[in-house]
Amino acid sequence: MPGMPVSIGCAVLLTPGLSGPPDSGAIIAVLPPVALANGMPLATGGGTICLMVNSVWGFPYPMLVGPLGSSGVRVAGRPLLRLGDQIPTPAGVMAILGPPATTSIVDQSPP
């Protein structure tokens with residue numbers, strides 16, 4: 001889905017979660033190399049770590065975002081993650097909710 005790039009602090013939702021119902025979380029790290037927007041590292045598929053919270057038991061756990069994203073914009077060979085993307089991960093499908101890193105950049109490439 002075309003949209004604005006995201007960075008650290010962006011909310012995400014994993015469906016299904018580890019216990020069944022969706023788990024929520026946030027992007028906490030973007031692995032190097034990185035591109036910056038407004039001084040924030042842009043998140044990439046396969047190079048971004050989220051801290052998720054299990055919706056049933058409440059325990060936190062890390063989750064590496066799957067290797068998919070934008071087909072047109074890449075950072076060191078990894079696809080850019082954008083607001084609204086639905087990324088398959090080993091546990092389910094991760095929805096990128098926002099907020100965006102910048103509103104001045106919009107990637108119109110298909111997923």
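The values are calculated or read from the model by the stated rules, or taken from the named source; none is laboratory data. Just so we're clear, the structure is a prediction, and the values are computed from it rather than from any experiment. Reconstructed Cβ throughout: ideal geometry from the backbone, glycine too, with neighbour counts over all protein chains shown.
If a residue must be closer than 18 Å to Pro33 by Cβ, of a type outside the set (Gly, Ala, Ser) and crowded, with 21+ Cβ neighbours inside 10 Å, how many such residues does segment 59-106 contain?
Residues flagged as closer than 18 Å to Pro33 by Cβ, of a type outside the set (Gly, Ala, Ser) and crowded, with 21+ Cβ neighbours inside 10 Å within segment 59-106 amount to 6.
Would you mention how many residues in segment 42-59 are touching a residue at least 24 places away in the same chain (Cβ under 8 Å), more than 15 Å from Asp85 (Cβ to Cβ) and of a type outside the set (Phe, Trp, Tyr)?
Initial filter on segment 42-59 (touching a residue at least 24 places away in the same chain (Cβ under 8 Å)): 42-48, 50-57.
After this cut, where a residue has to be more than 15 Å from Asp85 (Cβ to Cβ) as well, the list is 51-57.
From what's left, of a type outside the set (Phe, Trp, Tyr): 51-56.
Final tally of qualifying residues: 6.
Of everything in segment 19-40, what is closer than 12 Å to Met94 by Cα and either crowded, with 16+ Cβ neighbours inside 10 Å or of a type outside the set (A, V, I, L, M) (or both)? Give them in sequence order. Steps first, please.
Let us first name the residues in segment 19-40 that are closer than 12 Å to Met94 by Cα, namely 22-27.
Across segment 19-40, the qualifying residues are Pro22, Asp23, Ser24, Gly25, Ile27.
Answer with yes or no whether Met40 is in contact with a strand residue (DSSP E or B) (Cβ under 7 Å, 6 or more places away or on another chain) and over 15 Å from Gly3 (Cβ atoms). If you could, list the steps in order and put the result at the bottom.
Working: in contact with a strand residue (DSSP E or B) (Cβ under 7 Å, 6 or more places away or on another chain): yes; over 15 Å from Gly3 (Cβ atoms): yes.
Yes.
Please verify whether Gly69 is touching an Asp or Glu at 6+ places or on another chain (Cβ under 9 Å), within 17 Å of Pro90 (Cβ to Cβ), at pLDDT below 95 and not basic (Lys, Arg), treating the condition exactly as stated. Show your work before the answer.
Numbers: touching an Asp or Glu at 6+ places or on another chain (Cβ under 9 Å): yes; within 17 Å of Pro90 (Cβ to Cβ): yes; at pLDDT below 95: yes; not basic (Lys, Arg): yes.
Yes, satisfied.
Tell me yes or no: at least one residue of segment 51-67 is in contact with a strand residue (DSSP E or B) (Cβ under 8 Å, 6 or more places away or on another chain) and closer than 16 Å to Ala101 by Cα. Before the answer, list the steps.
Residues of segment 51-67 that are in contact with a strand residue (DSSP E or B) (Cβ under 8 Å, 6 or more places away or on another chain), as a first pass: 51-56, 59-67.
Those left that are additionally closer than 16 Å to Ala101 by Cα: none.
Checked against the condition, which is being in contact with a strand residue (DSSP E or B) (Cβ under 8 Å, 6 or more places away or on another chain) and closer than 16 Å to Ala101 by Cα, segment 51-67 yields no hits at all.
Of all strands (runs of 3 or more DSSP E) completely enclosed by segment 33-111, which ones contain at least 3 residues that are of a type outside the set (Val, Ile, Thr)?
Qualifying strands (runs of 3 or more DSSP E): 48-53, 60-64, 92-100.
Restricting the first residue to segment 1-30 and requiring it to be in a strand (DSSP E or B), which pairs with a second residue that is buried (at least 22 other Cβ atoms within 10 Å of the Cβ) and of a type in the set (D, E, K, R) meet a Cβ separation below 6 Å and a spacing of at least six or different chains?
From residues that are in a strand (DSSP E or B), the pairs are Gly3/Arg82; Pro5/Arg82; Leu14/Asp23; Gly17/Asp23.
Please work out which one of (1) surrounded by fewer than 16 Cβ atoms within 10 Å (Cβ to Cβ); (2) modelled with pLDDT under 90 is the condition Gly3 fails and give its number.
Unmet condition: (1).
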